[in-house]
Each structure stands twice: as C-alpha cells, then as structure tokens.
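Here is the structure we will look at, set down as structure tokens.
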Amino acid sequence: MCGIVGAVAERQVTPILLEGLRRLEYRGYDSAGIAVLNDRGAIQRQRTVGKVEQLTAALDGDSPRGTTGIAHTRWATHGAPSDANAHPHVCRDSVAVVHNGIIENFEALRQDQVADGYDFTSETDTEAVANQVHRYLARTGDLLEAVRLSVSDLHGAYALGVMTAGGEGRIIAARLGSPLVIGIGIGENFIASDVAALLPVTQQFIFLEEGDIADVRREGVTVYDRDGNQVERPIKKSQLTADAVERGEYRHFMLKEIFEQPRAVAETLEGRISETRVLEAALGNDAAKILDETQRVQIVACGTSYHAGLVARYWFETYAGLPCDVEVASEFRYRRHVVPANTLFVTISQSGETADTLAALREAKQMGYAATLGICNVPESSLVRESDLVLMTRAGPEIGVASTKAFTTQLAALLLLVIAAGRHQDLSTKLEAELVDALRHLPGQIEAALELDEDIAQLAEDFIEKRHTLFLGRGMHFPIAMEGALKLKEISYIHAEAYPAGELKHGPLALVDSEMPVVTVAPGDELVEKLKSNLQEVRARGGELYVFAHPNVKLRGEDGYTVVQVPATSTVTAPIVDVIPLQLLAYHVAVLKGTDVDKPRNLAKSVTVE
C-alpha cells in the first residue's frame, strides 16, 4: 500500500516529509518521491526507484527548501517501478499530486486529455488526476474548486494530496475508499495516509470520512463533505507515541512484535473479563440485544485475518452452538448470496482499511444481515466507524508486513465474542468460567512459548537450502498450519503449503521426500492419535518431520524426526499459543536467508486497493 505525507508549515518541511516516509516504509513500496514549493514558489521534485534512503541520497546537497510539500512511497499498480512512474506527478510545472488508490476510468480521462493537448510521461493512472486538476484550475483559478470538480470525474478509490506552484501554505486533500488523515499542529498542519507518519510532529488528528475534501492551510483546516457542505470533523488525540513505532533493542520489527504478544493479548483482554465471565458490554451498548437475536455467524476477512476466522469457526460451533461460515473477502464480494435470517456479519482486519473487507461490509449492510461487528486494531479506521459493534484488539502499531501480534489478538478477541454469543445460546456458566480461566492464563503461556526462541533459531538452519515446505494440521490446528505456511512464504520466499493432515493420501503425499520438510503442531486433543498415523506415513516415505508437540503427546525425536515440546495449554487456547513457534521459525529462517524481514518483496502491510 502506498504512503502519503504532506505538510504546510513555517519551518522547512523536507525533513518532516522524509521522516514521515520512513515511518510508512512498513506498508510496502517500490519507489519514493518528494515535491516542495521552493522559495520562488516553484515545484521542486525528486523521485527514485527503491527505498526512502535512496531518495534521501539523491537529495544529498540539493534538498528542496520550502515550507509546503508533499511526498509519497509507491507500490506499483499501473506501470512498473520507475522514476517516471513514481509520485508526485506534476502537470506543466503547475500542479503536483500524490495519490493512493486506483482510478478505474483513467484511460478514458487520458484520451480526453490527449485530445486537449496534454502530454503523458508515465504509465500511471495518477498522471490523469494531475492533468484533470490542471484543466479545472485553468478554468476556475481556485485549487479547491479544481480538485472538487476533478474528483467528481474519478471512478475508483483515491486519497489525494494536491498543491500548486505559487500556492505556499496550502494543500488540498481528498479521500474516497483510501484512508487519509489530517495532522493538526500549531501554525502548521499535515496530511498522511497513516497517523504513524506524523507522530513526531503531532498527536492531534482529523480522520476524513468518505468523500471528504479538506483545504489544509497553515492557519487551519476546512473540511467539506461529498456534497460540498462545510462540516466539522472532530479532532482526536492519538494514544500512540513516536517511539511506539521504533524497533528498540530488536533487530527487526517482526521480532519485536512477536515478543510483544503477551502484553498485546493481555491488553486485549483487560477490562473485558471478570473472574468467571466475559463482560458483554465491552462489545457495545447493543451487544446483548444483537447477540440474543443471532442465530448464525458469517465471517469475512483476508490473509492472516481469514485464518483467525477459520479458527473461530470451530469455536463458534463447538462452544456457542452457532453455525459459522468463513469466506475470503475478495471472493465474497463477487457472488450471489443467500442470507439466512438473524445472521451476524463479522469482519476482521488489522488496519480496518482493507479494500475487499470494507467493500464486503458495505455490501452486507444492503443484503439483509442482522447486524455487523468489526474486529480491528485501528480505532479511527473505516471498518470501526462503519460497523454496528466493534471489538478492538489493542495490539498497538504493527509495522512488520507479516502479521504476528495482530493475529493472536484477533484470536483472543474472537474467543471473547464466542463466549459472549454462547451465553445467549446454551453455554453453561461452568463452561464459560473454564473458557475465561483459559484466557486469563493465555499471556503467561505465550511467554512460555517465546522461551523456545533460541531452540527454534537453531532449528531454522535446516531450512536454509530448502525450496518447499509442507505444513500439516488437524481440526483447529489446520488454520494454524495455514498461518505457519503463510508466514514462511511471506518473509523467507520458501514455497510453503498447508494441508489438513487427513488429506495426505489425497495428493500431498506424492510430494514428500527427504528434501521436503514437513512441519506440524501436535496438540494433546482427541485427534492426536490420527495425527500420529499421518506423521508415520510421512516418515515411511523419507520425509523430514518437525513436530511442535504438547507435553502429553508421547513422541520421541530420532533421526529425521525432530520434536520440540511446546507449553501445555487448554484445548481452547492451544491454537493461539501454538502459532508462536511457527512465527519464530519463519522469522529465523528469513534472517538466515538474508531477506528483508519487515518489508518482504511485492507485499504491502495494508491492502487498500483491489
């Protein structure tokens, strides 16, 4: 996902813009650029392929000096990574634009603009936006009106920052379908796609709503809604601090975030459970009424959040007695649905800005679902604002692209929801108390799992030269196998696939040989004996086994059969604890292979375009 930073100030803004871009690096990008109005009011621009540090190096000795500027990190959609395709885009030395999102009708705009004498120097959809603003600016003489008219011509999703030559102290911002925030300072104001970019300069933010356009000046900010009416959007103080997105003593953000999981899970549970009960009011004022009427649950999510939903399906049906369906958001959007009566629609997203998940939520509101509930990590996100009920995960900033603490806190939040929903079905007081007790012990059990770090670091050496890995799981641990495979492929670039262990004979067994490591978690549940049989099938064919086993599972390590004992847990929380060793395995393999752990190639932290 691309990143936007902009500033209007009384001081030099280049250092602010570059630091903002650095703080957005976790989002994933392939090029970077900056444009500043210099002391003559002219647009001075620099763009480079590669990282922000390469942009900084390109500016060395020639950094633009000025008090108004915009900057961008780009993740290629239209057009390959190149200097020419990097943002900001400038039209006739007059209008500069940075853009997140996708303009679906850019080709039609482009044809019209070519006929009007405009030249194109890139392959991007964004250049058509810059040209369109320029056309309207020539007619109206006002940048705000030019942007307002331009966005009415755009089909798709956008977050825009626009400035014009000679327009010192003014940026026009607009959003539809892509996040954009306004940072409020004293005698200076800012725009960004994420609050993290602006934490060194402010903790006061306005969160623009769908269709908003903002006139951002040094002396203040004026916001207009999609109908052109001036509106007041509340200023909110972020609870994040600038050092919340620093690595500290850790080599990578991902490792820091893995080790933050005991605290993150504890904070997710704090104030939401008593000694024996889930405090239902934590889900919102209408939670009791909505859950009392709920007869079915539909979960929609993407990536890691989808895996969390798959685990929750077992919980909903086992403990709450509620039928539960789980679907990838990008698939859910593009087929017809039969909506059973009294179905609760649950969305899961770390950022709350995932394009497919948001689109599914908006469609669900029109399809007859009884209510919507969002599980999210970002309080100011679109998902939170647009859901009937919200359960925040309290994971704190997650910078590493490969999600870790977001996953475990999502699972903790989902289990809270399951217990609360189960109380309105036939979940007994005794079983609720047992489930709550398991949650109370969860942070300590995650701490114990993290003590395996050094052992897993040594184990990771076996994977350096491997090209493929198979992950196996049964029951609730099949989604955990899927998550382990996803983590390994995301950051180490080793091809990894996950299968239900019982499906070995239906195809995957053909892949097993001495060069194919097979990784599994062996919990001490009712399926463990069947899992042992599956593992013997692998071993009989020369497969190298790596088993993370619970203490009550009697497995003996031998040549080609590595057993790592994981902490004892309750059956219900075992998936949350058992994913920790798989996260550590993926991390250490990636480090040994020398990949970019926090910013793996081709991936973005928040997928806010289709």
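The values are calculated or read from the model by the stated rules, or taken from the named source; none is laboratory data. None of the values given here were measured: they were computed from a predicted structure. No Cβ is skipped: glycine too gets one built from the backbone with ideal geometry, and neighbour counts run over all protein chains shown. Just so you know, the surface numbers come from the protein's heavy atoms only, side chains and all, with ligands and any DNA or RNA stripped out. Shrake-Rupley method; radii C 1.70, N 1.55, O 1.52, S 1.80 Å.
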Quick check on segment 128-149. Is at least one of its residues touching a Gly at 6+ places or on another chain (Cβ under 9 Å), under 19 Å from Leu37 (Cα atoms) and crowded, with 24+ Cβ neighbours inside 10 Å? no
For segment 576-601: of the residues being in a loop (DSSP other than H, G, I, E, B) and among the acidic types (Asp, Glu), which is nearest to Glu465 (Cα to Cα)? Asp596
Of residues in segment 150-170 being among the polar types (S, T, N, Q) and not in a loop (DSSP other than H, G, I, E, B), the one surrounded by the most Cβ atoms within 10 Å (Cβ to Cβ): Ser150
Considering only segment 1-116, give the strands (runs of 3 or more DSSP E) lying wholly within it that have at least 3 residues that are open to solvent by 30 Å² or more (accessible area, probe 1.4 Å) and touching a residue at least 12 places away in the same chain (Cβ under 8 Å). 43-49
Might you check whether a residue that is closer than 15 Å to Leu417 by Cβ, open to solvent by less than 40 Å² (accessible area, probe 1.4 Å), in contact with a Ser or Thr (Cβ under 8 Å, 6 or more places away or on another chain) and not hydroxyl-bearing (Ser, Thr, Tyr) occurs anywhere in segment 307-314? no
Here are Leu176, Leu144: which of them is closer than 21 Å to Pro88 by Cα and modelled with pLDDT of 95 or more? Leu144
Sort out which residues of segment 431-473 are among the β-branched types (Val, Ile, Thr) and within 30 Å of Tyr493 (Cβ to Cβ), and write them in order of number. Ile446, Ile456, Ile464, Thr469
Listed residues Ile34, Ile70; which is over 26 Å from Ala402 (Cα atoms), of a type in the set (A, V, I, L, M) and out of contact with any Ser or Thr (no Cβ under 9 Å at 6 or more places or on another chain)? Ile70
For segment 285-295, indicate whether the set of residues that are assigned to a loop (DSSP other than H, G, I, E, B), open to solvent by 40 Å² or more (accessible area, probe 1.4 Å) and β-branched (Val, Ile, Thr) is non-empty. no
Filtering segment 463-496 down to residues that are charged (D, E, K, R) and in contact with a Pro (Cβ under 7 Å, 6 or more places away or on another chain), which residue is most open to solvent (accessible area, probe 1.4 Å)? Arg474
List every residue pair whose Cβ atoms sit under 7 Å apart, with the two residues 6 or more apart in sequence or on different chains, where the first one lies in segment 307-332 and is under 15 Å from Leu411 (Cα atoms) and the second, anywhere, is open to solvent by less than 10 Å² (accessible area, probe 1.4 Å) and polar (S, T, N, Q). Ala308/Gln410
Looking for something β-branched (Val, Ile, Thr) and in contact with a Ser or Thr (Cβ under 7 Å, 6 or more places away or on another chain) - is there at least one such residue anywhere in segment 219-235? no
Do you know which residues across segment 140-190 are free of Cβ contacts under 8 Å to residues at least 12 places away in the same chain and among the aliphatic types (A, V, I, L, M)? Ile186
When you look at Val326, is it touching a strand residue (DSSP E or B) at 6+ places or on another chain (Cβ under 7 Å) and under 30 Å from Leu452 (Cβ atoms), yes or no? yes
Residues of segment 227-280 that turn out to be touching a strand residue (DSSP E or B) at 6+ places or on another chain (Cβ under 8 Å), open to solvent by 40 Å² or more (accessible area, probe 1.4 Å) and among the charged types (D, E, K, R), as a count: 4
What pairs come up if the first residue lies in segment 402-421 and is open to solvent by 10 Å² or more (accessible area, probe 1.4 Å), the second is of a type in the set (Val, Ile, Thr), and their beta carbons are under 9 Å apart, counting only those six or more places apart or on different chains? Ser403/Thr304
Take Gly321 and decide whether it is more than 17 Å from the chain's Cα centre (by Cα) and at positive phi. yes
With the condition kept exactly as written, say whether any residue in segment 564-575 is in a helix (DSSP H, G or I) and modelled with pLDDT of 85 or more. yes
Just checking, does segment 406-422 include any residue being part of a loop (DSSP other than H, G, I, E, B) and more than 13 Å from Gly352 (Cα to Cα)? no
Can we say Pro179 is farther than 24 Å from Gly66 by Cβ and assigned to a loop (DSSP other than H, G, I, E, B)? yes
Answer yes or no as to whether Leu24 is out of contact with any Leu (no Cβ under 8 Å at 6 or more places or on another chain), modelled with pLDDT of 95 or more, of a type outside the set (Gly, Ala, Ser) and under 25 Å from Ala84 (Cβ atoms). no
Condition set of a type in the set (D, E, K, R) and touching a residue at least 24 places away in the same chain (Cβ under 8 Å), scope segment 117-127, selection most open to solvent (accessible area, probe 1.4 Å): answer is Glu123
Could you tell me whether any residue of segment 428-451 is touching a strand residue (DSSP E or B) at 6+ places or on another chain (Cβ under 8 Å) and small (Gly, Ala, Ser)? no
Among the residues of segment 87-113, how many are under 28 Å from Arg40 (Cα atoms) and within 23 Å of the chain's Cα centre (by Cα)? 3
Among the residues of segment 218-239, is there at least one that is closer than 15 Å to Val378 by Cβ and not in a strand (DSSP E or B)? yes
Which numbered condition Leu459 fails, given (1) open to solvent by less than 40 Å² (accessible area, probe 1.4 Å); (2) among the aliphatic types (A, V, I, L, M); (3) over 22 Å from Gln565 (Cβ atoms); (4) in contact (Cβ under 8 Å) with a residue 60 or more places away in the chain: (3)
